[in-house]
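Colleague: Okay, handing you the structure first.
Nothing in this text is a laboratory measurement; each read-out follows from the coordinates by a stated rule. Small disclaimer: the values here were computed from a predicted structure and weren't measured. Positions of Cβ are generated from backbone atoms using ideal geometry, with glycine treated the same way; all protein chains shown enter the neighbour counts.
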């Protein structure tokens, strides 16, 4: 399958790893523990565009990403209290699913994180700890 | 399994039908074609709380709900252009998944619909057409 990551993801996220179906990225926003899963197949926009087998695989990888998001929060001393999962694509149509760790003290709580401006870059150390925690949890 | 719908869903949505896993409701907001799926089991908060079999069933029902949301949009003369799927639960913790039909002319586009105030009640005829379209698509 020919897969090319949409360029919009590059400045807004950091590569984490590849799972059997999805390329996994860490959202470049230090305010949240936030992974983005992009199924590695061409021309996907909606979940319905996946065949039933890959759909079940996506569900499996979403749940694994939830554990990884919790691991990122723990590594940063900011335990995740709630998971939020979203598949929107209103701006970047390439099929992708957000798995976000939420806390009652995060700036968007209890609203959604999507579409809220003000992303904050990671400090280098926090970025490395986040990536390491995500890779270990997904490995 | 003992299932009791969280009371918060009652004033904000209309019962549509039951699928094998989920109770399906129409969000009481005439601005959108919007279904809410609530897995009918007790004590669920996150997708990870479902066993792998029900997780796959939830994915299947989400995709069916997407088709139903498109059917609602068609019945109202407002074809759906994009699907948005969200599992948040920051306010109402009982596990539920939103499947929302979006259009570039809807009031929240391209942002998410969640957390945006201003829900508009359905006119009786539009409500009946929406429920009929959803039930036919999910039947």
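Colleague: I'd like the distance separating the alpha-carbon centroids of the range A:74-111 and the range B:66-139, in whole Å.
Modeller: After rounding, the separation between the Cα centres reads 21 Å.
Colleague: Among B:58, A:76, which comes first, then next, by fewest other beta-carbon atoms within 10 Å?
Modeller: A:76, B:58
Colleague: Also, I was wondering about something else. Return a whole-number percent for the relative contact order of the range B:1-80, with Cα pairs under 8 Å and 6 or more residues apart as the contact set.
Modeller: 25
Colleague: What is the order of B:14, A:96, fewest Cβ neighbours within 10 Å to most?
Modeller: Fewest-to-most ranking of B:14, A:96: B:14, A:96.
Colleague: Further, regarding this structure: Put a label point 7 Å from Cα along the Cβ direction on residue B:132, then list its distances to the equivalent points in the other copies in nm, shortest first.
Modeller: 6.3
Colleague: Relative to the other copies, what are the label-point distances for residue A:51, with labels 7 Å from Cα along the C-beta vector, expressed in nm at one decimal and sorted shortest first?
Modeller: Counterpart label points of residue A:51 in the remaining copies fall at 2.8 nm.
Colleague: Got the relative contact order for chain A handy, in percent, Cα pairs under 8 Å and 6 or more residues apart?
Modeller: Result for chain A is 29 percent.
Colleague: With everything on Cα atoms, drop me the angle between helix A:52-75 and the longest principal axis of chain A, reported from 0 to 90° to the nearest 10.
Modeller: It works out to around 10 degrees.
Colleague: A further question follows. What's the average, rounded to a whole number, of partner chain beta-carbon atoms within 10 Å of each residue's beta-carbon in B:84-95?
Modeller: 5
Colleague: Same structure again: Using Cβ counts within 10 Å as a stand-in for footprinting exposure, how do B:130, A:13 rank, fewest first?
Modeller: A:13, B:130
Colleague: Label residue A:46 and residue A:116 with points 7 Å out from Cα along Cα→Cβ: what is the distance between them in nm?
Modeller: 2.9
Colleague: On a full-extension model of 0.36 nm per residue, what is the gain between residue B:17 and residue B:135, subtracting their alpha-carbon distance, rounded to one decimal in nm?
Modeller: Residue separation times 0.36 nm, minus the Cα-Cα distance, leaves 41.8 nm.
Colleague: With everything on Cα atoms, drop me the angle between helix A:124-138 and the longest principal axis of chain A, reported from 0 to 90° to the nearest 10.
Modeller: Helix A:124-138 and the main axis of chain A meet at about 50 degrees.
Colleague: While we're on this one: So how far apart, in nm, are the two label points at residue A:91 and residue A:74 if each is 7 Å from Cα heading toward Cβ?
Modeller: With each label placed 7 Å out from Cα toward Cβ, I get 3.2 nm.
Colleague: How far is residue B:105 from itself in the other copies, in nm, if each label sits 7 Å out from Cα along the Cα-Cβ line, shortest first?
Modeller: So the distances to the same position in the other copies read 4.7 nm.
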